[in-house]
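Asker: First, the structure itself, so that you have it in front of you.
Read-outs throughout are calculated quantities, based only on the coordinates presented, and are distinct from any laboratory measurement. Bear in mind the structure is a predicted one, so any value in this text is a computation, not a measurement. Cβ atoms come from the backbone with ideal geometry, glycine included; neighbour counts cover every protein chain shown.
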Amino acid sequence: MSGYSYKGINVNNICVNNGTTANVSGFSGMPATSATNYSSMCPLTFGYTTGNPPVDLCNQYTASNTGIITTSGNLSIPIGAKSCRVISVGGGGGSGGKGGNATAESYNGTQTSAPGGAGGLGGYGTYNYSNVSLSTYTGIYASIGGAGTDGNSGNNQKVNSNYNAANVNYNNNKTNNVNAGNDGNTGNQTYIQLTTTNSQSGYYAIGSGGNGGIGGNPASANASQNKADANKGSDGTNGTPATIQANNSNYPTLSNYGNPGTQGAVQIIWLYD
C-alpha cells in the first residue's frame, strides 16, 4: 500500500495501479503511474503537485473504474467515492428482414428467379456521458440495453403460366403474394439507478437504443406462354443513427458495443473529492 492518502482515502484506491510503488515526480513510494489519453478518465485532484507552475499528479494516473460492464446487475459504491462519471451506450437496432424471393415459370418450361432486397442494418446506440453525485447512496444498479431483434424475412412465391381452355389462351401470371421483410426492432436503453438498502433512485446516464433497419422489398416475377421474367427487390434502408454516436474525445469508446445488432454497455469512473 502507498503511504499517501487524500482525505483519509489511500491513493491506491483512487487510482488504477498494480500495487507497486515508484518515485513519481519526486514523491517516492507513490503508486506506479497508469497514465491515460482521456482527460475524463483521470481522477480528481488528490492534493499532490510538482513543478513550477505546479501540476497535479492526478494527470499521471487513470481513475479507479469498473471497466466495461456488459451484464446488468448491482454494484457497491467504493468507500469514500462521492461521485462518478458514467459512459453508457444503448443497444444497437436489429436488422430489417430480407424481402421475399420470386420465381416464374413459363408454359414452355422456362424458369427464372430473383431475390428479395436485403434488410437495412440497425442503427447505432446513442452514447451518454454523465456526472452523477453518489451522496447518501450505497450502490448502483446498471441496466445494460440488449440489441433489437432482427425482422423476419418476407415470404416467397412462385407463379406458373397455364393454359386457359375457356378463353383458348395462355394466362400471364404475376406474383402478388411476395412480402417485404419486417423492420428490425429498436435496441434497448442502457442506464444506471442509485440504490440504498430500502430505496432505488430514478434513471441516470440513459443511452438510447438504435432504431431498427427497414425490411427489404419483395422481388417480383411474371410467367407467360414463352417467357419468364423476375426482378430483384430493392434493399431496405439502415436504421438511425447511421453512424457511431461516441462524440466526446475526453472519454474512450466502449469498443464493439452499441453497434448495429449488438448490446449496449456502461463504464463507471469513481471519483473522490
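Asker: Pull up the cross-link candidates among the lysines for Lys98, meaning alpha carbon to alpha carbon under 24 Å and not fewer than 8 places away within one chain.
Answerer: Qualifying lysines at Cα under 24 Å: Lys158, Lys174, Lys232.
Asker: Oh, and also: May I ask you to evaluate 6.51 cos²θ - 1.76 cosθ + 1.60, the Karplus curve with θ = phi - 60°, for each residue of the stretch 56-69 and list the ³J(HN,Hα) values in order in whole Hz, giving x for glycine and proline?
Answerer: Per-residue couplings from phi come out as 6, 5, 4, 6, 9, 10, 9, 5, 4, 8, 7, x, 7, 9 Hz.
Asker: Any lysines with Cα under 28 Å of the Lys82 Cα? List them, leaving off those in the same chain fewer than 8 positions away.
Answerer: Lys7
Asker: Step by step: find N for the chain, compute 2.2 N^0.38 Å, then divide the Cα radius of gyration by it. What's the final number?
Answerer: Relative to the rule-of-thumb radius for its length, the chain sits at 1.58.
Asker: Further, regarding this structure: Taking amide H positions as placed 1.01 Å from N in the peptide plane, with prolines and chain starts having none, which residues 5 or more places from Gly116, or on another chain, fall under 5 Å of its amide H?
Answerer: So Gly116 has HN proximity to Asn101, Ala102, Ala219, Gly233.
Asker: Ignoring trypsin sites (Lys or Arg not before Pro) that are buried or in helix or strand per DSSP, and keeping those with at most 15 other beta carbon atoms within 10 Å, what is the longest stretch of the chain between them?
Answerer: Details: sites that count: Lys7, Lys82, Lys227.
The segment 83-226 is the longest one with no such site.
Asker: Provide the three semi-axes, in whole Å and in decreasing order, of the ellipsoid equivalent to the stretch 92-227 as defined by the square roots of 5 times the Cα gyration tensor eigenvalues. Before the final figure, lay out the partial values.
Answerer: Values: eigenvalues 626, 24, 11 Å².
In descending order the semi-axes read 56, 11, 8 Å.
Asker: Below 14 angstrom from the Cβ of Ser83, what's the summed charge of the other residues (Lys, Arg +1; Asp, Glu -1)?
Answerer: Working: positive: Lys7, Lys82, Arg85; negative: Asp273.
With Lys, Arg at +1 and Asp, Glu at -1, the net is +2.
Asker: Points 7 angstrom from Cα along the Cβ direction at Gln225 and Lys7: gap in nanometres?
Answerer: Using points 7 Å along Cα→Cβ, the separation is 9.2 nm.
Asker: Turning to a different aspect of this structure: Can you give the calculated 222 nm mean residue ellipticity of the chain, where each DSSP H run of n ≥ 4 adds -39,500 (n - 2.57) and the sum is split over every residue, rounded to the nearest 500 deg cm²/dmol?
Answerer: Numbers: 1 runs with 4 residues, N = 273.
Helix-only estimate at 222 nm: 0 deg cm²/dmol.
Asker: Given points 7 Å out from each Cα along the Cα-Cβ axis, report the Thr71 to Thr240 separation in nanometres with one decimal.
Answerer: 3.7
Asker: Applying the Karplus parametrisation 6.51 cos²θ - 1.76 cosθ + 1.60 with θ = phi - 60° to the phi angles of the stretch 226-232, what ³J(HN,Hα) value in whole Hz is obtained for each residue in order, glycine and proline being reported as x?
Answerer: 10, 9, 10, 10, 8, 10, 5
Asker: Pairs of Cα atoms under 8 Å, at least six residues apart: use those to get the relative contact order of the chain, whole percent.
Answerer: Details: 998 pairs, mean separation 75.4, N = 273.
After rounding, I find 28 percent.
Asker: Rounded to the nearest Å, what's the spacing between the alpha carbon centres of the stretch 110-183 and the stretch 19-86? Just the number, please.
Answerer: After rounding, the separation between the Cα centres reads 47 Å.
Asker: So, one more: Taking a spot 7 Å from the Cα of Asn198 along the direction of its beta carbon, which residues of the stretch 123-144 have an amide N less than 19 Å from it?
Answerer: Counting only backbone N, you get 135-140.
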